[in-house]
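The values are calculated or read from the model by the stated rules, or taken from the named source; none is laboratory data. Keep in mind that this is a model prediction, so the values were computed, not measured. As a convention, Cβ positions derive from the backbone with ideal geometry for all residues, glycine included, and neighbour counts pool all protein chains shown. The area values use the complete protein model at the heavy-atom level, side chains included, leaving out ligands, DNA and RNA. Shrake-Rupley method; radii C 1.70, N 1.55, O 1.52, S 1.80 Å.
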Amino acid sequence: MKKTMIAALVAVAGLSGCVSNDTSGLLGAGMTAFEGVTLSKAELQAEASLSAKQMDTENKLSAPNSRYSQRLARLTKKLTSIDGTPLNFAVYESDEINAFAMPDGTVRVYSGLMDVMDDNELMAVIGHEVGHVKFEHSLNQYKTAYLTEAAKQAAASTGGVLGSLASSQYGDIGAKFLNAQFSQQDELESDAYGVEVLCQLGMDPYGAMRAQEKLMKHAGNGGGLFSSHPATDTRIEKARKAAAESSCGS
């Protein structure tokens, strides 16, 4: 499957005549041609699983019997899938205040986030991340990161013959995915879904508002959720309004 997709990229590269090696700009002008490559959701999810597997080897996973893993398992035991995509949760032991969800349903929560959030606030953030999967924001971000790396390999290949992507390349794709920023519309849509998840689980919908407040409070730490999900007064107010208008907010 990977060879087929990369072969398609090579064909497009030959037609476009423009493949930038500057991946920080996501191929620049050359990206336009690559956006036309057809990759199914299932194919992208399979590739995302390989990135997630590599990322798990590059981070310290919390043991299943740790207090972090047990807390996360308790909170997410009813959150098993989203629109047919199975969800799998694990903790990265790191002081970073962060969490992310891959389009294949991989959800990773950093212990630093768990340390500063109560259960309702934490589940609001997790629900937000799952929202990115539900609305395919993560799928689109991963597609961009994947095509960037595949195009980079296409440009560096000789004779048009490409092998499968290496494990390190899947790690690079994962890093690009994590560093990408969602649009404001995507963020607000996922914020609202975070409130919905709290209601579905019988938790406090105002936890989403308090989570945003805590993210703003800790914003001086930089990185993680602060770069990709910057909390603002507007988002805090929208979270408050979403909670008040939710089925469980009255």
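Between Lys60 and Ser40, the distance separating the two model label sites (each 7 Å from Cα on the Cα→Cβ line) works out to 4.1 nm. Scalar couplings 3J(HN,Hα) for segment 171-185, obtained by applying the Karplus form with A = 6.51, B = -1.76, C = 1.60 to θ = phi - 60°, are x, 5, 4, x, 5, 4, 4, 5, 7, 6, 10, 7, 6, 4, 5 Hz; x denotes Gly and Pro.
For Glu245, the shell of other residues with beta-carbons less than 12 Å away shows a net charge of +2, using +1 for Lys and Arg and -1 for Asp and Glu. Once the Cα-Cα distance is subtracted from the 0.36 nm per residue extended length, the Met216 to Glu136 segment shows a gain of 26.2 nm. Ranked from largest to smallest solvent-accessible area, with a 1.4 Å probe on the protein heavy atoms, Ser94, Ser111 come out as Ser94, Ser111.
Under 18 Å from a label point 7 Å along Cα→Cβ of Asp119: give me every residue in segment 58-98 with its amide N that close. The answer is 66-80. For the residue pairs Lys41/Lys143; Lys53/Lys214; Lys143/Lys238; Lys217/Lys238, alpha carbon separations beyond 19 Å are given by Lys53/Lys214; Lys143/Lys238.
Close amide H contacts of Asn88 (hydrogens built in the peptide plane, cut-off under 5 Å, sequence separation of 5 or more or a different chain): Thr106, Val107.
Viscosity 1.567 mPa s, temperature 4 °C: Stokes-Einstein D of segment 84-151 from its Kirkwood Cα radius, in µm² per second? Result for D is 103 µm²/s.
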